[in-house]
Structure formats: structure tokens, C-alpha cells
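Structure, as C-alpha cells:
The values are calculated or read from the model by the stated rules, or taken from the named source; none is laboratory data. If you're wondering where the values come from, they're calculated on a predicted model, not measured in any experiment. FYI the Cβ positions are ideal-geometry reconstructions off the backbone, even for glycines, and counts take in every protein chain you see. These accessible areas exclude ligands, DNA and RNA; they are computed on the full protein's heavy atoms, side chains included. Shrake-Rupley method; radii C 1.70, N 1.55, O 1.52, S 1.80 Å.
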Amino acid sequence: IQGPEVADHAIGLILSITRNISLHQKNASNIPRPIELRNKNCLVFGSGGIGLGILERLNSFGCNNYVTSNDLPPITSFIKKFINLNEVNKELKNMDIIICAAPSTFRTKNYFDANFFKKLKNDCIFINVSRGSLVNTNDLIKYLKLNKFRGVGLDVVNPEPLPENHLLHNFNNLVFTPHIAGASDHNRERSFDLLHNNIYRFKNKLKLYNIVDKIEEY
């Protein structure tokens, strides 16, 4: 239901970093030249509606798109390669942009931690529009202090809401939005349509849309 607007939001966070919009808003000094998205290697974690929407939009900028997930995505023209989860660590050093669009499950809690961040190339971009629990906040702060990233864009954090005196507020190259990626002028309309259709399908003993697997937790 919330795929299109969250995908748009992820692109907005990326552009805010690559075009230095957030740095200009903060009156930062020594602002670097903006960078192009063309030919950047982008890896999206999660191949659901949000992840595929992000990949589709990145393709229009000329990015080289990679995706990893528990599930194989459909074959599309805007995905260069599917990377198995057990092979991801070998590919991280080649990625310019990492985007988290994976669900919050027992497998993904604190997945993005110090062990993950140290494998990234310097001056990369990290985006999270999923859930704050996937990122180890203390480890992220450690690597922000080490100037690992060109920029970090977060719509979700842990803890949430983020206290006003939290250390994450101290970094000019971090763009933070307060969990608003899913809001839009049409998502409630889509929610109503889904509910209406599922009531009809339930009454007629048809398979429901968007069933959550309790074992997979999504």
C-alpha cells in the first residue's frame, strides 16, 4: 500500500545528500561538489513493493542496480543482478549507495552494525526507510564519527522518536525525517480499496491480499 510514497522518499533522501541540499540548509562549511547518480552502484535490501519501487526510480537516473532479499524478485530490466544474502558481504566494497527497505524480523534486527559498516567503501551513502530496529544506532554513530559516509539518510531511527539531545543530531551529513515516508495524499484511498477487496474475497472464500506469514514475520 505504501510502496510508491516510501520509494519516492528514499530517492528524496538520496538527492538531498548527492546534491548537498541538507548541507546548504545547515550552512555547513567546505561543502563538496554535488555528485551524479549515473553509473553509481546501488544495493537495495528488500525486494518487496518498496524495494522494487526504489530500484525502478534509481534506474531512471542511470544507476547500476543490485538487490538482495530472502525472496527472488521478478526478472525486470531495472535490476542488474540479484545477490544472494550469503554473498552480500563480498559485494559491499563495490557499492556507492546502500538502501534498506527490508522488513523488521528476527533475522534483520541490528543487521546493519559495525561488522556491516566496516565492509562498506569510504564516502558511500546509507539510507534506511524501513524500521529503526534494523540498524545498530551506536555502531552507526561510531562510523559517522570516522567519516565513513558521504551521507546518511534516515526516515526511521532507534530509539523513536529521537530525543532532541541525541548524538545523531550532531552530524551535518545526516538527513533525518521523523518516520513520514509512508504519508501521502492517496495512501488512505489505497488502504480502503485493499480493505474493501479483502472483505469481498473473505466472504467469497478467496485468497486474501497481503497475507502476513507469522513464521517469516512479514
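Structure above, values below:
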item	result
Test set (1) in contact with a strand residue (DSSP E or B) (Cβ under 8 Å, 6 or more places away or on another chain); (2) at pLDDT 95 or above - SER22 fails condition number	(2)
PHE149, sole failed condition from (1) in contact with a Cys (Cβ under 9 Å, 6 or more places away or on another chain); (2) touching a residue at least 40 places away in the same chain (Cβ under 8 Å)	(2)
Sole residue being at pLDDT below 95, within 30 Å of ASN27 (Cα to Cα) and either open to solvent by 60 Å² or more (accessible area, probe 1.4 Å) or not aromatic (Phe, Trp, Tyr) (or both), chosen from PRO178, PRO161	PRO161
Long-range neighbours under 8 Å by Cβ, at least six apart or interchain, first residue farther than 18 Å from ASN86 by Cβ within the stretch 104-123, second acidic (Asp, Glu) and surrounded by 14 or more Cβ atoms within 10 Å (Cβ to Cβ)	ALA114/ASP139; PHE117/ASP139; LYS121/ASP96
Search result, residues across the stretch 103-121 that are under 15 Å from VAL156 (Cα atoms) and of a type in the set (Gly, Ala, Ser)	SER104
Condition broken by LYS148, with the remaining ones in (1) exposed (fewer than 14 other Cβ atoms within 10 Å of the Cβ); (2) farther than 20 Å from GLY3 by Cα; (3) not polar (S, T, N, Q) satisfied	(1)
Subset tally (residues that are within 18 Å of GLY3 (Cβ to Cβ) and open to solvent by less than 80 Å² (accessible area, probe 1.4 Å)) for the stretch 194-207	3
Pick from the stretch 181-216, criterion of a type in the set (Lys, Arg) and not in a helix (DSSP H, G or I), ranking: farthest from ALA10 (Cα to Cα)	LYS205
Boolean, PRO32 is over 17 Å from LEU174 (Cα atoms) and modelled with pLDDT under 95	no
Which listed residue, of ASN89, ASN41, ASN20, ASN30, is on the phi > 0 side of the Ramachandran plot and touching a residue at least 12 places away in the same chain (Cβ under 8 Å)	ASN20
